[in-house]
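The values are calculated or read from the model by the stated rules, or taken from the named source; none is laboratory data. As the structure is a prediction and not an experimental result, all values here were calculated from the model. Because the Cβ atoms are built from the backbone with ideal geometry, glycine has one as well, and the counts that use them run over all protein chains shown.
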Amino acid sequence: MTDNSAQDSVKAQWRATRERLRERWSSFRARSRYFQLRVLVMAAYALIVVLTALWAPPSSMERNDIGARILALSGDAVVGPYLIIENKSRDHWQHVSFAIDQGYIAERELVQAGEKVTLFVKDFHKVVMRTRRGRQIPKKVAAPVDLPLSKLVVTTTAGQAIAALALEKKAGS
């Protein structure tokens, strides 16, 4: 018996809701065309915003825990691309490591709050093991100037910033 009474109350609520919706729809239709068009424009805008948020969510790869502002510039044929990393936080970064593609790294002991660091591709190095007379010898190798850049990872004791790089043209170029 409780099942029937629960079903009856749900049906009654559904009927009441349908009736309220019919009343509101007829009230809306009785309003001026100007009002109806205004509501239509607002609804279309809301739909566009929701669809954009669902279709193009923020990249999950990018992360910025440390307040870094990262700018990648194309440079010229001699120096190649370079990066400008700015510490926009109020804290100093300590034991900072800048890593780009293929394992190339540049390190700084301290980047003060508000400081801008400019790094050219040639400033990045990685250790390569060379064999000489049967012994493995580590050698520091600079990144090639024409290295394609796609990602920068800034790691500090306070956290990490990961940014996808899109090279921008210098102003005046």
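Results, tabulated for the structure shown:
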item	result
Residue match in region 108-118 (condition: among the polar types (S, T, N, Q) and touching a residue at least 60 places away in the same chain (Cβ under 8 Å))	no
Residue count for region 102-134, restricted to those that are in contact with a strand residue (DSSP E or B) (Cβ under 6 Å, 6 or more places away or on another chain), assigned to a helix (DSSP H, G or I) and of a type outside the set (A, V, I, L, M)	3
Residue check, Ala166 closer than 23 Å to Val79 by Cα and either touching a helix residue (DSSP H, G or I) at 6+ places or on another chain (Cβ under 9 Å) or surrounded by 11 or more Cβ atoms within 10 Å (Cβ to Cβ) (or both)	no
Residue in region 69-104 that is modelled with the highest pLDDT, counting only those that are among the small types (Gly, Ala, Ser), over 15 Å from Gln160 (Cβ atoms) and out of contact with any Leu (no Cβ under 9 Å at 6 or more places or on another chain)	Gly103
Yes/no for Glu115 being exposed (fewer than 12 other Cβ atoms within 10 Å of the Cβ) and among the acidic types (Asp, Glu)	no
Residue within region 6-25 that is modelled with pLDDT under 85 and over 20 Å from the mean Cα position of the chain (by Cα) present	yes
Residue match in region 55-68 (condition: touching a Leu at 6+ places or on another chain (Cβ under 7 Å) and not in a helix (DSSP H, G or I))	no
